[in-house]
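Written out below as structure tokens is the structure these notes cover.
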Amino acid sequence: MNLQRTGVAILVGAFCWATTHVLAAAPSAGSATGVASARLAVEGMSCASCSVAVKTVLKKLEGVRSVDVNRANKEALVEYEPSKVQPKQLVDAVNKLGYRASLLTPKDTTRSP
């Protein structure tokens with residue numbers, strides 16, 4: 001599922017204020033367009049600056065098309081080109097920042113706090 005979002009993030013020094021609104025949800029295009037989606041659980045994000053850091057490191061990976069980070073749900077939704085980047089690389093990039101990331105499967109609907 002692709003979530004189309006609009007948002008504003010303002011970074012001032014060490015503080016970040018961010019807002020995101022879900023506009024619409026549509027089925028994932030999948031391999032027909034060469035784009036896939038991955039949902040990551042990200043533990044350790046404690047502020048908006050953390051979510052900006054996670055989003056920034058993921059967007060720097062070649063093949064990543066879009067990233068939406070939800071700090072409240074402790075998740076990141078990433079649209080990527082499987083021919084250029086794999087889900088393990090997404091997880092590794094977030095883990096290198098010091099967070100604990102893991103790949104969620106569609107069956108993962110609840111996680112322990």
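The values are calculated or read from the model by the stated rules, or taken from the named source; none is laboratory data. The model shown is predicted, which means the values in this text are computed figures rather than measured ones. Reconstructed Cβ throughout: ideal geometry from the backbone, glycine too, with neighbour counts over all protein chains shown.
Restricting Val67, Val42, Val78, Val91 to those that are modelled with pLDDT of 95 or more and in a helix (DSSP H, G or I) reduces the list to Val91. Of the residues making up the range 39-72, those that are in contact with a strand residue (DSSP E or B) (Cβ under 9 Å, 6 or more places away or on another chain) and of a type in the set (Ser, Thr, Tyr) are Ser49, Ser51, Thr56, Ser66. Counting the residues of the range 66-97 that are charged (D, E, K, R) and more than 11 Å from the chain's Cα centre (by Cα) gives 5.
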